[in-house]
């Protein structure tokens, strides 16, 4: 890493679609239900692998949301905000529009030690809203109501990336729950 350069600055300057190392080749038109199903696996009505991010966040209390597993470690509230920001970024890439401003200045990770800046309920609602907007954006692209500047393969890779991101953070949330219960 370059001396004096933060990862947040690096990732903020490079769209997520450009940082992915795996690219998918799609032989023909992709059934729109595939993208919707992939999104559901990471943040949906339930996944075969265990709690998806929605399920992982469901039973989080405000006290647990802001509890840190250790000095310099992210809490559940920060993980959820980070994921919401990434989903918002994906929506912007898919639609080619900047979208509404995010509730916080900055990008990617946000320091929230307690509810003085934003409540846990508002954070959980933001995550839910961003995922709903992502599903709507994909449906609008599939129906022709919205034209995406991305190729179908790049859209697929981005949706797959958002889902993997959600599953990864669902695992972190589950681990934080176990660590907090052991305190």
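The values are calculated or read from the model by the stated rules, or taken from the named source; none is laboratory data. For clarity, every value in this text was computed on a predicted model and none was experimentally measured. All Cβ positions, even for glycine, are placed from backbone atoms using ideal geometry, and neighbour counts span all protein chains on display.
In a helix (DSSP H, G or I), in contact with a helix residue (DSSP H, G or I) (Cβ under 7 Å, 6 or more places away or on another chain), closer than 19 Å to residue 154 by Cα and at pLDDT 70 or above: which single residue out of 17, 36, 56 fits that description?
Among 17, 36, 56, only 36 is in a helix (DSSP H, G or I), in contact with a helix residue (DSSP H, G or I) (Cβ under 7 Å, 6 or more places away or on another chain), closer than 19 Å to residue 154 by Cα and at pLDDT 70 or above.
Residues in the stretch 85-114 that are in contact (Cβ under 8 Å) with a residue 40 or more places away in the chain, more than 25 Å from residue 52 (Cα to Cα) and over 17 Å from the mean Cα position of the chain (by Cα): 96 alone. Out of the residues in the stretch 115-128 that are touching a residue at least 24 places away in the same chain (Cβ under 8 Å) and outside any loop (DSSP other than H, G, I, E, B), state the one that is nearest to the chain's Cα centre (by Cα). Across the stretch 115-128, the extreme among qualifying residues is 127.
The set of residues in the stretch 151-182 being over 19 Å from the mean Cα position of the chain (by Cα) and touching a residue at least 60 places away in the same chain (Cβ under 8 Å) consists of 152, 153, 177, 179, 180. Residue 137 falls short of the stated requirement of being within 24 Å of residue 95 (Cβ to Cβ) and surrounded by fewer than 17 Cβ atoms within 10 Å (Cβ to Cβ). Residues of the stretch 51-84 that are surrounded by fewer than 21 Cβ atoms within 10 Å (Cβ to Cβ), free of Cβ contacts under 8 Å to residues at least 60 places away in the same chain, under 17 Å from the mean Cα position of the chain (by Cα) and more than 17 Å from residue 178 (Cβ to Cβ): 78 alone.
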